[in-house]
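First the structure, in the form of structure tokens, and then the observations on it.
The values are calculated or read from the model by the stated rules, or taken from the named source; none is laboratory data. Remember, predicted model here, so these are calculated numbers, not experimental data. FYI the Cβ positions are ideal-geometry reconstructions off the backbone, even for glycines, and counts take in every protein chain you see. The area values use the complete protein model at the heavy-atom level, side chains included, leaving out ligands, DNA and RNA. Shrake-Rupley method; radii C 1.70, N 1.55, O 1.52, S 1.80 Å.
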Amino acid sequence: MEEDQLLLENQVCFPIYSVSRLITKAYQPHLDKMGITYPQYLVLMVLWEKDKLPVNSISKQLMLKTNTLSPLLKRMEKMELLERRRSPQDERSVIVELTKKGLKLKNMAKPIPGELVNILLKENIQLSEVIQLKNILNEWIEILSKNNKD
């Protein structure tokens with residue numbers, strides 16, 4: 001019985017990991033047209049929702065440590081997608097703001113989520129199932145975040 005716990009087919013994490021990789025791969029042709037990576041796309045989505053955010057706020061939303069996020073932001077700044085500036089209120093805080101180029105990519109990105117959902121819907125997966133899975137995963141994220149203080 002204990003040995004069964006180590007079978008790959010019995011793992012919850014493996015299908016989640018695999019789906020995550022396959023979704024990222026499905027995004028890739030769209031992101032290639034935009035000239036960005038998936039992590040850069042995630043940063044842009046956060047900033048499209050609310051621009052001029054402190055690095056630590058972006059870090060929290062994406063569940064990335066600042067030492068992982070900072071090099072990513074630096075590369076995006078070199079690509080002229082965003083600018084980083086010290087906060088006038090708090091010199092320790094760095095504010096990230098989209099450039100015109102970063103804002104312009106939003107229009108290119110708008111159809112991406114719908115196109116990816118349509119791939120699933122064509123295979124007889126119901127939209128309600130997609131929404132239900134997203135809600136379950138959000139619950140898991142909340143639970144696991146509480147138990148994984150970093």
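Things worth noting here:
- Principal-axis tilt of helix 66-78 within the chain, Cα atoms, nearest 10 degrees: 60
- Degrees separating the helix 38-49 axis from the principal Cα axis of the chain, which is the longest one: 60
- Between segment 112-150 and segment 82-98, the alpha-carbon center distance in angstrom: 32
- Expressed as a whole percent, the accessible area of the chain that falls on carbon and sulfur atoms is 56 (1.4 Å probe).
- Helix-only mean residue ellipticity at 222 nm for the chain, each DSSP H run of n ≥ 4 adding -39500 (n - 2.57), per residue, nearest 500: -20500 deg cm²/dmol
- Average silhouette area of segment 62-144, convex hull of alpha-carbon atoms, in square nanometres: 8.2
- A dipole drawn for the chain from +1 and -1 charges on Cβ atoms has a positive end, and of VAL46, MET76, LEU121 the residue lying farthest that way is MET76.
- For the chain, the solvent-accessible area works out to 76 Å² per residue, with a probe of 1.4 Å and every protein chain left in place.
- Shape index of segment 26-110: Rg/Rh, with Rg the Cα radius of gyration and Rh the Kirkwood radius from the inverse mean 1/r over Cα pairs, equals 0.96.
- In order along segment 112-117, phi translates into HN-Hα couplings of 4, x, x, 5, 6, 5 Hz, rounded to whole numbers, per the Karplus curve 6.51 cos²θ - 1.76 cosθ + 1.60 with θ = phi - 60° and x for Gly and Pro.
- Using a cut-off of 18 Å between Cα atoms, the listed pairs LYS33/LYS110; LYS52/LYS104; LYS60/LYS101; LYS50/LYS104; LYS50/LYS78 include LYS60/LYS101; LYS50/LYS78 as exceeding that distance.
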